[in-house]
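Each remark here refers to the structure printed beneath this line.
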Amino acid sequence: MEPADTLPGPGTALVRPPGPRLAEGIVTHIGRRPVDTALAARQHEAYVAALRASGRHVRAVPPADDHPDAVFVEDTVVVCGDLAVLGRSGETLRRGETAGTEQAVRELGLRVERIKAPGTLDGGDVLCVGDTVYVGRGARTNEEGICQLAHLLGGRRVVPVDTRGCLHLKSAMTALPDGSLVGVPEMVDTSVLPFIRVVPEPAGAHVVLLGPDHVLMAASAPRTAAQFAADGLRVTSVDISEFEALEGCVTCLSVLVP
């Protein structure tokens with residue numbers, strides 16, 4: 001099993017607080033419900049506090065208040081080592097979100113490349129596990145975007161994974177610290193995956209790696225959290241209900257920079 005790629009030593013987490021238009025965010029695969037923006041702000045603060053408590057330095061990406069989904073900063077960039085690849089979303093309304101992210105990653109001293117037309121790629125479709133990079137192929141990320149990313153990443157093995165019924169690959173699966181994949185197999189082409197552990201709740205498919213035995217999860221996946229804890233993992237749970245109302249998950253709200 002390959003260890004997951006984003007295990008932190010000291011590192012930085014890029015975040016972008018929710019903007020004033022959050023409740024207008026795009027909803028594709030679920031029914032829309034009202035979003036409590038004040039509650040969302042408090043939930044985001046608690047999420048950031050969990051990142052800080054794990055030892056991460058938290059850096060705010062410049063705001064993009066004209067873009068309701070800008071809080072989902074993960075979609076704007078893929079960070080592998082010292083390389084930051086700026087995305088180009090298949091959702092044209094989100095393409096203006098990358099400018100602030102570019103400023104942030106340049107200030108961190110990362111090398112910057114970008115996905116170019118006709119390629120499309122959202123960071124939420126990219127899961128790095130060791131030297132393997134799984135990339136979701138769906139509405140937000142196309143074959144050309146995947147090919148461009150593979151070229152930019154050089155020696156890493158890039159595996160396209162078709163997705164269905166979900167917004168991004170990481171809506172359906174992520175990886176635990178030991179590199180084992182967890183998720184909802186009905187939403188991905190499992191024929192290209194070595195193995196995927198089925199989780200009891202859809203929200204259990206989403207983990208952020210805070211350490212070699214520490215994961216961050218949504219409070220909406222208590223049964224999955226209990227399973228992971230029984231396996232010896234330390235689990236920090238945060239309530240992100242207002243972001244889940246917009247198809248967001250714990251991975252969407254940050255970009256981890258080693």
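The values are calculated or read from the model by the stated rules, or taken from the named source; none is laboratory data. Owing to the predicted nature of the structure, the values given are computational and were not obtained by experimental measurement. Every residue, glycine as well, gets a Cβ built from its backbone with ideal geometry; the counts of neighbours run over all protein chains shown. Ligands, DNA and RNA are excluded from the accessible area calculation, which covers all protein heavy atoms including side chains. Shrake-Rupley method; radii C 1.70, N 1.55, O 1.52, S 1.80 Å.
Below is a table of values for the structure above.
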| quantity | calculated |
| --- | --- |
| Residue check, ASP162 surrounded by fewer than 22 Cβ atoms within 10 Å (Cβ to Cβ), of a type outside the set (Ser, Thr, Tyr) and either in a strand (DSSP E or B) or at positive phi (or both) | yes |
| Neighbours by Cβ (under 8 Å, 6+ apart or cross-chain): first from the stretch 18-45, charged (D, E, K, R); second at pLDDT 95 or above and assigned to a helix (DSSP H, G or I) | ASP36/GLU242 |
| Subset of the stretch 206-219 [touching a residue at least 40 places away in the same chain (Cβ under 8 Å) and among the small types (Gly, Ala, Ser)] | GLY211 |
| Flag for GLU91 being closer than 16 Å to CYS252 by Cβ, surrounded by fewer than 24 Cβ atoms within 10 Å (Cβ to Cβ) and acidic (Asp, Glu) | yes |
| Criterion (β-branched (Val, Ile, Thr), modelled with pLDDT of 95 or more and more than 24 Å from PHE195 (Cα to Cα)) met by exactly one of VAL158, VAL78, VAL112, VAL126 | VAL112 |
| 1 or more residues under 25 Å from ALA218 (Cα atoms): qualifying strands (runs of 3 or more DSSP E) within the stretch 28-98 | 57-60, 77-80 |
| Tally, over the stretch 165-188, of residues that are part of a helix (DSSP H, G or I) and either in contact with an Asp or Glu (Cβ under 9 Å, 6 or more places away or on another chain) or open to solvent by less than 30 Å² (accessible area, probe 1.4 Å) (or both) | 5 |
| The stretch 208-235, subset among the charged types (D, E, K, R) and over 18 Å from LEU51 (Cα atoms), residue least open to solvent (accessible area, probe 1.4 Å) | ASP231 |
| Enumeration of residues in the stretch 101-155 that are part of a helix (DSSP H, G or I) and either free of Cβ contacts under 8 Å to residues at least 12 places away in the same chain or open to solvent by 10 Å² or more (accessible area, probe 1.4 Å) (or both) | GLU102, GLN103, ARG106, GLU107, GLU143, GLU144, CYS147, GLN148, ALA150, HIS151, LEU152, LEU153 |
| Answer residue from the stretch 236-250, given it is open to solvent by less than 50 Å² (accessible area, probe 1.4 Å) and touching a strand residue (DSSP E or B) at 6+ places or on another chain (Cβ under 6 Å) and is farthest from ALA38 (Cα to Cα) among those | THR236 |
